[in-house]
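Some notes on the structure that comes next.
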Amino acid sequence: MSDRTPLLFMPGLLCDTALWGHQLATLTDVAEMTVADMTQDDSIDAMARRALGAAPDRFALCGLSMGGYAAQAVMRLAPERVIRLALLDTAPGPDTPERTAGRRDLMARAAAGDLDGVIDHHMTGFIAENRQDDGELTAIVRDSARNVGPEAYRRQQTAIINRPDNRPNLAAIACPTLVLCGRLDVMTPPAVHEEMASAIPGAKLVVVENCGHLSPLERPEAVSAVLRYWLAD
């Protein structure tokens, strides 16, 4: 019988398995890892239910951004199945009217065939300003987004727009919880994570320096090291 921890990753908007590439390569000695399919559903709860249907009875859960919204839904739907939780570069609150309007504009652009333009727009929020010229990093983000494609993008944005306000549920989270974000994350800034960590009993907050929204890609060694500690703690 394996003593490795079952670990489910939930990626964010326009992200695929590549988001977790470093973790999947370096944490194999301590975790049996899978990545949830976040492309099929147009609601956060449906994403959570799909993940639960494919997950083992008990598992560790790590979600980033949209994946963090779905991870919070898992905690609401089946908290007894999650042995530890990591919320990365995400938020507990609902969408704002301003962000919803922007999302609808981007959905229309993607539907009209301008997915590359939509990716260009998201790139400025996904990674730190000082990494925008990192060709290797941006190529991974672009390839992942094209793999997700415009139809799944529409479903994902629909789910994000209609996500519930999870702030009232944070105090009920009872498993060991890590809250992590990049210091330079402009999408979900550190202050959001400070508030979220303070609302979850016993949560530990980690802020990764010189890092934007896609922390597992931007600072993979640091994030993998923190997740290794989280798994063993």
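Filter region 195-218 for residues that are more than 21 Å from Arg84 (Cβ to Cβ) and not in a helix (DSSP H, G or I) and give the result. Across region 195-218, the qualifying residues are Glu209, Asn210, Cys211, Gly212, His213, Leu214.
Looking only at region 67-86, decide whether some residue is crowded, with 18+ Cβ neighbours inside 10 Å, assigned to a loop (DSSP other than H, G, I, E, B) and in contact (Cβ under 8 Å) with a residue 40 or more places away in the chain. So far as region 67-86 goes, no, none of its residues is crowded, with 18+ Cβ neighbours inside 10 Å, assigned to a loop (DSSP other than H, G, I, E, B) and in contact (Cβ under 8 Å) with a residue 40 or more places away in the chain.
Of all residues in region 189-217, those that are farther than 28 Å from His121 by Cβ have Cβ atoms under 6 Å from Cβ atoms of residues that are of a type outside the set (Ser, Thr, Tyr) and in a strand (DSSP E or B), 6 or more apart or on another chain, in Ala197/Val179; Ala197/Leu205; Ala203/Val179; Lys204/Leu178; Leu205/Val179; Val206/Leu180. You will find that of Pro6, Pro56, the residue that is more than 21 Å from Ala91 (Cα to Cα) and not in a strand (DSSP E or B) is Pro56 and no other. Of the residues screened, Thr188 is one that is crowded, with 20+ Cβ neighbours inside 10 Å, closer than 21 Å to Pro97 by Cβ, in contact with a strand residue (DSSP E or B) (Cβ under 8 Å, 6 or more places away or on another chain) and at pLDDT 95 or above. The test for being more than 24 Å from Ala225 (Cβ to Cβ), crowded, with 22+ Cβ neighbours inside 10 Å and modelled with pLDDT of 95 or more holds for Ala48. Among the conditions (1) surrounded by fewer than 17 Cβ atoms within 10 Å (Cβ to Cβ); (2) within 18 Å of Pro11 (Cα to Cα), the only one that Asn210 does not satisfy is (2).
If you check Val223, Val186 for being of a type in the set (A, V, I, L, M), touching a residue at least 60 places away in the same chain (Cβ under 8 Å), in contact with a Gly (Cβ under 7 Å, 6 or more places away or on another chain) and under 16 Å from Ala128 (Cα atoms), only one passes: Val186. Listed by first and then second residue, the pairs with beta-carbon distance under 7 Å, at least 6 apart or on different chains, first residue in region 14-35 and assigned to a helix (DSSP H, G or I), second of a type in the set (S, T, N, Q), are Ala18/Ser144; Leu19/Ser144; His22/Ser224; Gln23/Ser224; Thr26/Ser224. Looking at Arg163, is it closer than 23 Å to Arg104 by Cβ, surrounded by 15 or more Cβ atoms within 10 Å (Cβ to Cβ), touching a residue at least 60 places away in the same chain (Cβ under 8 Å) and not aliphatic (A, V, I, L, M)? When the stated conditions are applied, Arg163 passes them. Going by what's in this entry, would Asp116 be described as out of contact with any Pro (no Cβ under 9 Å at 6 or more places or on another chain), surrounded by fewer than 22 Cβ atoms within 10 Å (Cβ to Cβ) and modelled with pLDDT of 95 or more? Spelling it out, Asp116 is indeed out of contact with any Pro (no Cβ under 9 Å at 6 or more places or on another chain), surrounded by fewer than 22 Cβ atoms within 10 Å (Cβ to Cβ) and modelled with pLDDT of 95 or more. Scanning region 56-80 for residues that are closer than 18 Å to Asp16 by Cβ and of a type in the set (Gly, Ala, Ser) turns up Gly63, Ser65, Gly67, Gly68, Ala70, Ala71. If you check Ala139, Ala145, Ala222, Ala174 for being within 17 Å of the chain's Cα centre (by Cα), among the hydrophobic types (A, V, I, L, M, F, W, C), modelled with pLDDT of 95 or more and surrounded by fewer than 20 Cβ atoms within 10 Å (Cβ to Cβ), only one passes: Ala222. In region 95-113, the qualifying residues are those that are out of contact with any His (no Cβ under 9 Å at 6 or more places or on another chain) and crowded, with 17+ Cβ neighbours inside 10 Å, and the one that is farthest from Ala139 (Cα to Cα) is Asp95.
Among the residues of region 191-207, just one is surrounded by fewer than 17 Cβ atoms within 10 Å (Cβ to Cβ), within 12 Å of Thr90 (Cα to Cα) and not charged (D, E, K, R), namely Ala191.
The values are calculated or read from the model by the stated rules, or taken from the named source; none is laboratory data. None of the values given here were measured: they were computed from a predicted structure. Positions of Cβ are backbone-derived with ideal geometry, glycine not excepted, and every protein chain shown enters the neighbour counts.
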